[in-house]
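Trainee: Sharing a structure with you now.
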Amino acid sequence: MSDELSSSGEANYTKKLKTSKKKYLHKFRTEWLSNPDYFTWLSSSLKGDKFFKCKLCKNDYLGGISAVQKHFASEKHKVIEKSINNVNKINNVAAYKNAANLIKDTKIAEIRLAMFISEHNIALRTSDHLVSLFKSICPESSVVKNLTCNRTKATAITNNVIGKYEFVNLIERMKTQSFSIMIDESTDKSSTKHLAVVSRMVQHSNFEVRDEFVKLIEVSNASAKGVYDAIINFFNVHDIPYKHNLAGFASDGANVMFGNKHSVKSLLEEDVPHLFVIKCLCHSLALCASYACEKLPNDVENLVHEVYNYMKYSSKRQKHFQEFQEFLDMKPNKLLQPSQTRWLALQACVKRMVEM
């Protein structure tokens, strides 16, 4: 008898424990929709008042506000939300007659952005930040929302769209009107020689004379014949009638370019008898100034060199020189180095010495 009572008591105790541990389920509350993080995707569920529905994931979930927060922070919800935000909404596309107009206007905006970066010589990597800046300034614009022109795309647009279009346009104008060319050789870090070609022609629209970069031609032979062959080959490949349209030629005064007997100038004059040739004025003026400076005493140039070298390798002397300028209330200018490669550099050095 006692065993039966004890077993029934244990059953009643176990039943009470089960009922006391029953989980309480929160009901869905409309106040949750006032949260800006939830109102775009959260809604009530048809399964009952203890469920909530995610409009993005298309699923019903059981639980209260803690379950809502947990679902909002889940990786699945974030991925779906990000993919939906990247899709253009119907009301944004409806502002245009059709989606093709939106795509066209977006392409125009991307090309103009790449043209702006190229025109002002800005680093292409800044396009990463420019696009984000535009989207933060004009969030209501459908074109700006659809804009994707980071540095990789901006580089591709500059090389494959803007560059090719301008090159084709320049070649077509060189075929139909007179032009002059200016050339110069350069050697890059990998010891590869290049020939820079710049054209000068008159714009028919406003009769303005413009210098435009044509091409950087790789040259294996830097002799007069090699440079001449590179130029003529470029004209022949693009069907440019240079014998009729080429009006002028300019370059530096090196013997390869402007020698009297065998040079690029003499070879071009054989093909184009009416060719107008002129040496680079900057090179010519630099040579005139160099020959004129030979008539001056060497003491002037030696003094400039010695003063600069005396100050250059001593931070203590430079500090004293700066304090001297501040004491006399002078403009804090540095002493200039007399360079042999910079044109007319000695005149600027002497002028700065006199000022100091």
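Trainee: How big is the accessible area of Cys288 in square angstrom, nearest 10, if you roll a 1.4 angstrom probe over the protein chains?
Mentor: The accessible area comes out at roughly 90 Å².
Trainee: How much length would be gained if the chain were fully extended between Asp239 and Phe207, taking 0.36 nm per residue of separation minus their Cα-Cα distance, in nm to one decimal?
Mentor: Contour length minus the Cα-Cα distance gives 9.0 nm.
Trainee: Of Lys27/Lys55; Lys153/Lys175; Lys153/Lys243; Lys55/Lys135, which sit over 30 Å apart, Cα to Cα?
Mentor: Lys153/Lys175; Lys153/Lys243
Trainee: Now a separate question. Report, in debye and to the nearest 20, how large the dipole of the chain comes out about its Cα centre when Lys and Arg carry +1 and Asp and Glu carry -1 on their Cβ.
Mentor: Its charge dipole is roughly 2260 debye.
Trainee: Let me ask something additional. Using heavy-atom solvent-accessible surface (probe 1.4 Å) with all chains present, what is the largest-first order of Ile103, Ile122?
Mentor: Result, largest first: Ile103, Ile122.
Trainee: While we're here: Would you list which aspartates and glutamates come within 17 Å of Lys312, measuring only between C-alpha atoms, while excluding same-chain residues fewer than 8 positions from it?
Mentor: Qualifying aspartates and glutamates at Cα under 17 Å: Glu301, Glu323.
Trainee: Another question, if that's okay. Tell me which label goes with the value of Rg and Dmax of the Cα atoms in Å computed from the coordinates here: (1) 38.5, 137; (2) 21.0, 68; (3) 20.6, 73.
Mentor: (1)
Trainee: Moving on to the next point. For Phe321, what accessible surface area do you get with a 1.4 Å probe? Give it in Å², rounded to 10.
Mentor: Accessible area of Phe321: about 40 Å².
Trainee: Additional query: Considering only protein heavy atoms, what is the solvent-accessible area of Leu296 at a probe of 1.4 Å, reported in Å² to the nearest 10?
Mentor: 90
Trainee: Same structure, new question: With n ≥ 4 as the cut-off for DSSP H runs, can you work out [θ] at 222 nm for the chain, using -39500 (n - 2.57) per run divided by the number of residues, rounded to the nearest 500?
Mentor: After summing the helix terms and dividing by the residues of the chain, the value is -15000 deg cm²/dmol.
Trainee: Would you mind checking the tilt of helix 99-119 against the longest principal axis of the Cα atoms of the chain, expressed as 0 to 90 degrees and rounded to 10?
Mentor: Approximately 40 degrees, to the nearest 10.
Trainee: Okay, moving on. Order Lys50, Lys78, most accessible first, counting only protein heavy atoms with a 1.4 angstrom probe.
Mentor: In descending accessible area the options line up as Lys78, Lys50.
The values are calculated or read from the model by the stated rules, or taken from the named source; none is laboratory data. Since this is a predicted model, take the numbers as computed values, not measurements. Because the Cβ atoms are built from the backbone with ideal geometry, glycine has one as well, and the counts that use them run over all protein chains shown. Surface areas here come from the heavy atoms of the whole protein model, side chains and all, with no ligands, DNA or RNA. Shrake-Rupley method; radii C 1.70, N 1.55, O 1.52, S 1.80 Å.
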